[in-house]
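K.L.:
Okay, here's the structure, questions in a sec.
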Amino acid sequence: MTAPVAVFGAALRRAERGEPAGLHLLGPDGVAVRALDAGAWHTRHRPGDGSLLARCPDGTVDLGCGPGRLAAALHASGRRVLGVDVSPQAVRYARRRGAPVMHRDLFHPLPGEGAWPGALLADGNIGIGGDPVRLLRRCRRLVGPAGTVLAEVDPPGAGTWHGPVALAGPGRVSAPFPWAFVAADDVAAIAARAALRLVETWTEAGRWFVRLTP
């Protein structure tokens, strides 16, 4: 079966050519549970990025950075940043933008463990791995006792869910992989299980974000 990174990489290539780059996450029953747009990740700026970038400290690890939209913006602003992604295609695009990026699974060892001032989970990346508590614990270990975790979440009332999904693009569907959705009104309880506390929730351009600290 097709690997998820292959379907994702193909969508990024379509986006680079200016072609429609829509994707869908399919639930266990094969029904689409979320529409995605790789073209939006490939742009230089998404509406709502401004308030998120403004809260990123000098020294942010961008987990699941994709083609490097946010990592490149932080780098251009003079802030220290490291993007991390498992997609080789995404890493290539991010490096073309000048973003410092590693091709690596974020659960594997990374430079600066425990000393990053900030960790960033944008564009729904709080779902990576299908276990938000495990992922936030990983972020907690990356930032240490004085750091900040910034995450994009679903609107209040949207519900929190985890389970197997597949990534579907034109003419291909990936093998299943674990994913999660986290609603803003569920973040505090989930974060507490990862030894983090919710200190801020905000919304901009229809997107919802949270700031967590140890």
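K.L.:
Please state which one of ARG69, ARG80 is open to solvent by 60 Å² or more (accessible area, probe 1.4 Å) and modelled with pLDDT of 95 or more.
P.N.:
ARG80
K.L.:
Would you point out which residue out of GLY9, GLY18 is within 19 Å of ARG96 (Cα to Cα) and without any contact (Cβ under 8 Å) to a residue 60 or more places away in the chain?
P.N.:
GLY18
K.L.:
Give the residues of segment 194-214 that are assigned to a strand (DSSP E or B) and either aromatic (Phe, Trp, Tyr) or farther than 17 Å from GLY127 by Cα (or both), sorted by residue number.
P.N.:
Result: ARG197, LEU198, VAL199, GLU200, THR201, TRP202, THR203, GLU204, TRP208, PHE209, THR213.
K.L.:
Which of the residues that make up segment 49-107 are in a strand (DSSP E or B) and among the β-branched types (Val, Ile, Thr)?
P.N.:
Result: THR60, VAL61, VAL81, VAL84, VAL101.
K.L.:
Right, another one. Which residue is nearest to PHE209 (Cα to Cα), if the candidates are limited to segment 1-19 and must be surrounded by 17 or more Cβ atoms within 10 Å (Cβ to Cβ) and not aliphatic (A, V, I, L, M)?
P.N.:
PHE8
K.L.:
With respect to ALA191, is the statement that it is touching a strand residue (DSSP E or B) at 6+ places or on another chain (Cβ under 6 Å), outside any loop (DSSP other than H, G, I, E, B) and among the aliphatic types (A, V, I, L, M) true?
P.N.:
yes
K.L.:
Now for a different question. Can you tell me how many residues within segment 9-45 are part of a helix (DSSP H, G or I) and of a type in the set (Asp, Glu)?
P.N.:
Counting residues in segment 9-45 that are part of a helix (DSSP H, G or I) and of a type in the set (Asp, Glu) gives 1.
K.L.:
PHE107 is checked against (1) under 14 Å from the mean Cα position of the chain (by Cα); (2) open to solvent by less than 20 Å² (accessible area, probe 1.4 Å) and fails just one. What number does that condition carry?
P.N.:
(2)
K.L.:
Report those strands (runs of 3 or more DSSP E) wholly inside segment 132-181 carrying at least 3 residues which are open to solvent by 20 Å² or more (accessible area, probe 1.4 Å), touching an Asp or Glu at 6+ places or on another chain (Cβ under 7 Å) and modelled with pLDDT of 95 or more.
P.N.:
In segment 132-181, there are no strands (runs of 3 or more DSSP E) which contain 3 or more residues that are open to solvent by 20 Å² or more (accessible area, probe 1.4 Å), touching an Asp or Glu at 6+ places or on another chain (Cβ under 7 Å) and modelled with pLDDT of 95 or more.
Let's see how each residue does on (1) among the hydroxyl-bearing types (Ser, Thr, Tyr); (2) in contact with a Gly (Cβ under 6 Å, 6 or more places away or on another chain):
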site	(1), (2)
THR2	yes, no
HIS24	no, no
VAL33	no, yes
TRP41	no, yes
ALA54	no, no
GLY64	no, no
GLY68	no, yes
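K.L.:
Test ALA119 against the stated conditions and say whether it is under 25 Å from LEU23 (Cα atoms), assigned to a strand (DSSP E or B) and either open to solvent by less than 40 Å² (accessible area, probe 1.4 Å) or in contact (Cβ under 8 Å) with a residue 60 or more places away in the chain (or both).
P.N.:
no
K.L.:
Another question, then. Taking the condition of being surrounded by fewer than 17 Cβ atoms within 10 Å (Cβ to Cβ), over 16 Å from the mean Cα position of the chain (by Cα) and among the aliphatic types (A, V, I, L, M), how many residues in segment 20-59 meet it?
P.N.:
4
The values are calculated or read from the model by the stated rules, or taken from the named source; none is laboratory data. All figures in this text were calculated on a predicted structure; none of them were measured in a lab. Positions of Cβ are generated from backbone atoms using ideal geometry, with glycine treated the same way; all protein chains shown enter the neighbour counts. Only protein heavy atoms, including side chains, enter the accessible area calculation; ligands, DNA and RNA are left aside. Shrake-Rupley method; radii C 1.70, N 1.55, O 1.52, S 1.80 Å.
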